[in-house]
């Protein structure tokens, strides 16, 4: 993909612990989740360049963003409160996506990210937004168009891929 046609990416955090003694905010990625996402992030880095990463402040999202940054050769990630999994977060995520624009990855949580993708595209997502999945979208006026979707251990889903 040419550099002038960078997608904006919505990234769901990788597989995390089911619970943590300090609460939901402290849930970290599992060893398996880290390993699978590290491999996935390297594949993503071959698909497109990236200029920046914004992440939810929750531990599992920050850890996912750091793995992504390492694979893309970025020095840092920025925490952004709009990516917290709160009511109506999907609307704030779409606004943030439009604000930062192409080349950025927004790392967060479901159901907020899936709802944000549906709102941004104006249609249902082509597949589930599984843990570690990236939804890549291209800006198109006030909305976005579907570019591709990639989940750990699965092939990249493109607009011309069979869906179902």
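Just so you know, all these numbers are worked out from the coordinates, no wet-lab data involved. Everything numeric here is computed off the predicted structure, so don't read it as measured data. A quick note on method: Cβ atoms are made from the backbone with ideal geometry, for glycine too, and the neighbour counts reach across all protein chains shown.
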Between the range 70-88 and the range 50-65, how many Å separate their Cα centres? 3
At what distance in angstrom do the alpha carbon centres of the range 17-49 and the range 92-114 lie from each other? 18
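Cβ neighbours within 10 Å, averaged per peptide: list 120-126, 74-80 in order, most packed at the top. Don't skip to the end; give the middle numbers.
Working: 120-126: 16.0, 74-80: 14.3.
The packing order, highest mean first, is 120-126, 74-80.
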Taking only Cα atoms and a 10 Å spring cutoff, compute GNM fluctuations for the chain and point out the largest among 117, 153, 132. 153
Can you figure out the FRET efficiency of residue 47 with residue 87, using R₀ = 35 Å and their beta-carbon distance, to the nearest 0.05? 0.60
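Please give the calculated 222 nm ellipticity per residue for the chain, where each DSSP H segment of at least 4 residues contributes -39500 (n - 2.57) and the sum is spread over every residue; nearest 500 deg cm²/dmol? List each step's numbers first, then the result.
On the way: 4 runs with 53 residues, N = 164.
Result for the chain: -10500 deg cm²/dmol, rounded to the nearest 500.
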For 131, 118, 43, ascending order of other Cβ atoms within 10 Å (fewest first) is 43, 118, 131
Quick one: angle between helix 89-100 and the longest Cα principal axis of the chain, in degrees between 0 and 90, rounded to 10, please. 60
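Rank the residues 158, 27 as a footprinting-exposure proxy: fewest other Cβ atoms within 10 Å of their Cβ go first.
Ranked by crowding around the Cβ, least crowded first: 158, 27.
What do you get when you divide the Cα radius of gyration of the chain by 2.2 N^0.38 Å, with N the number of residues?
Details: Rg = 14.4 Å, N = 164, 2.2 N^0.38 = 15.3 Å.
Cα-based Rg divided by the globular estimate yields 0.94.
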